[in-house]
Every structure is written in C-alpha cells, then in structure tokens.
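Below is one structure, written out as structure tokens, with a few remarks after it.
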Amino acid sequence: MAPVKVSKICCIGAGYVGGPTCAVVALKCPHIQVTIVDLNQARIDAWNSADFKLPIYEPGLEEVVRQARGRNLFFSTDVDKGIREADLIFVSVNTPTKKSGVGAGFAADLNYVESATRRIAAVATTNKIVVEKSTVPCRTAESMRTILEANSKPGTRFDILSNPEFLAEGTAITDLFKPDRVLIGSLQTQEGRDACEALAQVYANWVPRERILTVGLWSSELSKLAANAMLAQRISSVNALSAICEATGANIDEVAHAVGFDSRIGPKFLRASVGFGGSCFQKDILNLVYLSESLHLPQVAAYWRQVVEMNEYQKSRFSKTVVDTLFNTITGKHLAVLGFAFKADTGDTRESASISLIRDFLQERAYVTIYDPKVDDAQIWLDLSEALPSWPIETIKKHVSIARSALEACRQKEGIVIATEWKEFKEISWQAVYDQMSKPAFVFDGRMILDVEKLQQIGFTVKVIGRGDRL
Ligand SMILES: NC(=O)c1ccc[n+]([C@@H]2O[C@H](COP(=O)([O-])OP(=O)(O)OC[C@H]3O[C@@H](n4cnc5c(N)ncnc54)[C@H](O)[C@@H]3O)[C@@H](O)[C@H]2O)c1
Ligand SMILES: O=c1ccn([C@@H]2O[C@H](COP(=O)(O)OP(=O)(O)O[C@H]3O[C@H](CO)[C@@H](O)[C@H](O)[C@H]3O)[C@@H](O)[C@H]2O)c(=O)[nH]1
C-alpha cells in the first residue's frame with residue numbers, strides 16, 4: 001500500500017502549539033484543508049475574530065493567519081466534524097504536570113490526551129493517521145493505540161505517529177518556517193512507515209528532506225523530553241556559574257562567551273538569567289524524573305531533578321539579593337518589576353520567574369508595581385492569586401499595582417527589578433527614571449540587558465545577575 005496523500009488535516013487543540021503550527025501547515029500547503037478545533041469557545045472566537053485579535057501574541061503569526069484563514073485554514077469548536085472529515089489528526093492538547101494522585105507534582109497529566117483520543121475513536125468512520133503533537137511520556141502512543149483499537153468501528157484503522165514540536169515561543173513562526181529538524185516517530189512496520197511518509201510529505205512542502213528525521217516511536221517521544229532537559233540543563237549550568245561569578249568578581253557574560261567559543265559547546269542558550277520559565281522546561285524535566293523513577297533509575301532521576309532545583313535556587317537567590325541590597329528589608333518599600341512574561345516577545349506567563357520574584361517581595365510586605373507590554377491585567381491577577389493562595393485578592397491588590405509604561409512603573413521607587421528581557425527596557429530614559437527615584441537608587445538586572453556603566457554614571461547602584469562587586 002502506498003502512503004495516503006493527506007488532503008484534510010484536523011488539529012485538536014488551538015493553543016500555543018496547535019494554532020501556530022497548523023496555521024503554518026495551511027499557509028505552506030494550500031492544497032490541504034486544515035481545521036483547528038478546540039473546546040474553548042472564547043479561544044476559537046479569538047482565532048476567528050474579524051480584527052485578528054488572536055488569543056496568543058507571537059511575532060509574524062497574524063500575517064500567517066490573515067493569508068490562510070478562510071482559504072484553507074479554519075477554526076471551529078465542532079471537534080467531531082473536524083475529526084470525521086480529516087485523514088490526519090494532530091493531537092495538540094495540553095499535558096500539564098499532575099496536581100494530585102499518583103505522580104502528583106512530577107508526572108504528566110494525560111487526561112486531555114486521553115479524552116481527545118477517545119473522541120477520535122468514538123467519531124471516526126474512516127482510516128486516520130493520529131499524530132501525537134503534545135509532549136508526552138515515552139510509550140504514550142501505545143496507550144493511545146490501545147484506546148483507539150478497543151473503541152474503533154469495524155474496518156477503521158488508525159496509525160499513530162509521534163511528531164513532537166520544537167518551536168520556542170516568541171520565535172514560533174520563524175522556527176516553524178525554518179525548523180532545525182522535524183522529527184517523526186513511527187512503528188517500524190510497513191503501515192507505520194507509510195503513515196510516517198504521508199506526514200513527511202506534508203512537511204516536505206517547505207522543509208528540506210534532510211531535515212525531516214524519521215525514527216522509532218519511543219525514540220521520538222523520548223527525544224522531545226531529552227531536548228528540553230538538555231536545553232534547560234545548559235541554563236542551570238550557566239546559572240550555577242553565575243553564583244560563582246558574583247562571589248569572585250568573574251563576569252558570567254565573559255565566561256559564557258569564552259566557554260561558548262568552543263565549537264563543541266557552542267554559543268547558544270548560555271545566557272544567565274533570573275531562572276528559566278515557560279510551560280515546558282520544568283514540566284518536561286519533572287516528567288523525565290518521574291519516568292526515571294518509575295524505571296527504578298534513582299540516580300538518573302536525581303541528576304535531572306537537580307536542573308530544576310538549581311532553577312529554584314537561582315530565583316530565590318535573586319530575590320534575596322534584592323532584599324540584602326535594600327539594607328536587609330523591603331517591608332513597606334516600593335519596587336518596580338519590569339516584565340511579567342516568561343521571556344520577551346510573548347504574552348505567556350506560565351512558570352514565569354517574575355511571578356516567583358513578586359511572590360517573594362509580597363511575602364516581605366513590599367509594594368510592587370508591575371509593567372509588561374504584552375500581559376493582560378487579568379492574567380497578572382490570576383497568576384498572583386495562584387502564587388499566594390492564602391492571600392485574598394483585595395490584599396494582593398493593596399500591595400500590587402499595574403502600570404501602563406515602564407517609565408510610569410519606575411516612578412518614585414526604591415528599587416527596579418528587570419525580570420523579562422523586553423527590548424524596550426533598554427531604551428527607556430534611565431536618567432528620567434533616576435531623577436524621580438528616592439536615593440540611593442537601585443536597579444537589579446536579572447536579564448543582563450542594561451548598560452551597567454552608563455547607569456552607574458547616572459548614579460544608580462546596579463546589581464546584575466552573574467556580575468559581582470569585587471574588581
Ligand atoms: N507552548 C510551547 O511552546 C510548546 C512547544 C512545544 C511543545 N509543547 C507541547 O504542546 C502541547 C500543547 O501545548 P500548548 O502550549 O499549545 O497548550 P495550550 O494549553 O495553549 O493549548 C491546548 C489547547 O487544547 C485544548 N484542549 C484540551 N483538551 C481538548 C479536547 N479534548 N478537545 C479539544 N480541545 C482540547 C485546550 O482547550 C487548549 O486550548 C503540550 O503537550 C506542550 O507540552 C508546547
Ligand atoms: O540562554 C538562555 C535561554 C533561555 N532562557 C530562559 O529559558 C526559558 C525558556 O526559553 P525558550 O526555550 O527560548 O522558550 P520556550 O518557548 O520555553 O521553548 C522551549 O520549550 C519548548 C516547549 O517544549 C520547546 O519546543 C523549545 O524547543 C524550547 O526552547 C525562558 O524563561 C528564557 O528566558 C535563559 O534563561 N537563558
């Protein structure tokens with residue numbers, strides 16, 4: 001049997017991955033009809049909004065949606081219709097860390113993957129290629145196959161592929177246009193290889209063939225966890241070194257530059273920071289830790305767990321620097337926190353280091369003014385309520401305000417904390433900020449973005465991650 005020619009794709013899950021990924025598939029494959037479905041009506045309405053107020057902010061995304069929507073790209077809450085019509089279905093639903101029960105705090109919650117899979121089995125009347133796009137533990141495809149086969153209609157066959165997504169938020173569109181690699185895992189049977197080829201042909205519309213890697217199902221699933229674990233490990237390594245730099249007078253920027261010049265190490269992903277955030281790194285490493293423990297590999301589990309522990313240490317170390325520097329107390333003091341998103345160029349706040357810092361400052365009874373160019377107020381209140389569950393929202397609101405510009409946030413503060421590397425924070429008039437601050441005026445740069453010497457000339461005392469005071 002030759003591989004099927006895919007003509008209709010359905011993507012279950014219109015989130016940060018399903019939305020941009022399948023919008024790009026539609027743009028690059030005008031001959032394929034792509035329908036992205038979700039249970040969340042508000043999200044689908046936003047994807048369909050007449051003024052293109054899309055539910056996520058991602059540079060370049062609006063242009064892609066403008067070109068393809070209504071042509072061969074559709075957004076809908078009719079999940080069943082999407083499934084029924086498609087010959088290939090991406091499952092791109094959320095897989096958060098489990099909050100309760102066995103494996104709570106570590107294992108992935110596969111509830112959404114299972115419901116989507118059960119829906120496919122219940123609705124499908126023709127053969128389907130089912131593609132795991134969500135990040136899942138190794139061997140999830142096996143559970144999906146069991147569910148599908150146990151519930152399928154007679155004569156309906158399902159082939160399951162793993163096709164993890166490697167895009168990073170903030171650069172999703174460029175990552176999708178020019179991926180380092182597309183990874184497809186399949187069973188090594190004739191049917192498995194045919195399904196793999198059918199999906200490879202979709203990507204081959206714009207991705208060079210040599211960048212489309214085909215491997216076994218379990219290798220593909222594990223490679224996604226491995227890639228994130230190794231990326232996060234680099235950040236925790238450089239952050240661990242940043243603590244040594246602060247104590248010795250070495251400069252982490254210079255150290256990372258020198259180390260990264262070694263072609264075996266390479267320069268990317270060596271930027272010390274206030275700690276990594278985002279919905280993936282911590283979740284996927286904890287998932288790997290859980291997998292290792294389930295496989296009775298405690299040393300392997302401990303090794304990866306340390307990457308997350310170092311990240312927690314980095315965040316609390318930075319909060320402590322702020323308190324120590326402001327004469328060992330921030331009670332009743334006014335701080336500005338610039339940046340609430342977990343990185344620049346996104347409005348996503350999941351696991352943002354900024355949330356941990358603000359929680360620490362509030363627990364010290366400081367007053368905090370937050371500014372972020374892309375995060376909604378409602379999201380800030382929600383995240384802070386979750387970070388401080390015993391605080392009524394009125395109490396949080398007494399201690400926190402949200403500003404409309406960086407300059408407004410910095411007005412008359414005792415300390416300014418840079419938590420996200422938004423470019424505009426480099427460009428504000430630091431002289432104007434200094435002039436209306438109480439003195440001594442402190443700036444804490446958790447992202448190494450400011451011109452320290454210039455700020456010092458203005459009169460600021462500047463504390464930068466990975467840069468000590470000793471000469
Ligand atoms: N965010 C990233 O940058 C990124 C990158 C690579 C991989 N991933 C992985 O991709 C997956 C999705 O992540 P995300 O950030 O897009 O999540 P998300 O929460 O933004 O989106 C998931 C969407 O799936 C929908 N959904 C859940 N169950 C459903 C069901 N049964 N039927 C229909 N819709 C359903 C939800 O309503 C939600 O809108 C996760 O496994 C994640 O680990 C994320
Ligand atoms: O040198 C660096 C690089 C990143 N970060 C921080 O690390 C976090 C994650 O950044 P990044 O990886 O750029 O964004 P994500 O969108 O979380 O993307 C990661 O997680 C995705 C979800 O699995 C994967 O698809 C991507 O390949 C992987 O890079 C952010 O808080 C960054 O500020 C640093 O502190 N230093």
Checklist entry - In region 180-195, how many are open to solvent by 20 Å² or more (accessible area, probe 1.4 Å) and either β-branched (Val, Ile, Thr) or more than 26 Å from residue 122 (Cβ to Cβ) (or both)? => result 6
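Here is a yes/no grid of residues against (1) of a type outside the set (Val, Ile, Thr); (2) within 13 Å of ligand 1 (Cβ to nearest atom); (3) in contact with a Lys or Arg (Cβ under 6 Å, 6 or more places away or on another chain):
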site	(1), (2), (3)
66	yes, no, no
81	yes, yes, no
96	yes, yes, no
118	yes, yes, no
134	yes, yes, no
140	no, yes, no
Next on the checklist: Pairs please, first residue from region 4-22 and more than 16 Å from ligand 2 (Cβ to nearest atom) and open to solvent by less than 10 Å² (accessible area, probe 1.4 Å), second anywhere and of a type in the set (Lys, Arg) and not in a loop (DSSP other than H, G, I, E, B), Cβ atoms under 8 Å, 6+ apart in sequence or on different chains.
Outcome noted: 14/43
Checklist entry - Do the conditions hold for residue 153, that is, is it under 24 Å from residue 122 (Cβ atoms) and either at pLDDT 95 or above or out of contact with any Gly (no Cβ under 8 Å at 6 or more places or on another chain) (or both)? => result yes
Item to check | Residue list for region 233-289, filter: basic (Lys, Arg) and more than 17 Å from the chain's Cα centre (by Cα) | outcome: 264, 268
Checklist entry - Looking at this structure, is residue 341 within 16 Å of ligand 1 (Cβ to nearest atom), of a type in the set (A, V, I, L, M, F, W, C) and at pLDDT 95 or above? => result yes
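Table: residues versus (1) open to solvent by 10 Å² or more (accessible area, probe 1.4 Å); (2) within 16 Å of ligand 1 (Cβ to nearest atom); (3) of a type in the set (Val, Ile, Thr).
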site: 258; (1), (2), (3): yes, no, no
site: 270; (1), (2), (3): yes, no, no
site: 293; (1), (2), (3): yes, no, no
site: 298; (1), (2), (3): yes, no, no
site: 337; (1), (2), (3): no, no, yes
site: 354; (1), (2), (3): no, no, no
Next on the checklist: I'm trying to understand the selection: among the residues of region 420-445, which are exposed (fewer than 13 other Cβ atoms within 10 Å of the Cβ) and under 22 Å from residue 332 (Cβ atoms)?
Outcome noted: 436, 438, 439
Checklist outcome for this item: Within region 325-335, the count of residues that are touching a Lys or Arg at 6+ places or on another chain (Cβ under 7 Å) and open to solvent by 20 Å² or more (accessible area, probe 1.4 Å) comes to 4
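The values are calculated or read from the model by the stated rules, or taken from the named source; none is laboratory data. Here the structure is a predicted model, which is why all the values come from computation and not from measurement. All Cβ positions, even for glycine, are placed from backbone atoms using ideal geometry, and neighbour counts span all protein chains on display. Note: areas computed on protein heavy atoms with side chains; ligands, DNA, RNA excluded. Shrake-Rupley method; radii C 1.70, N 1.55, O 1.52, S 1.80 Å.
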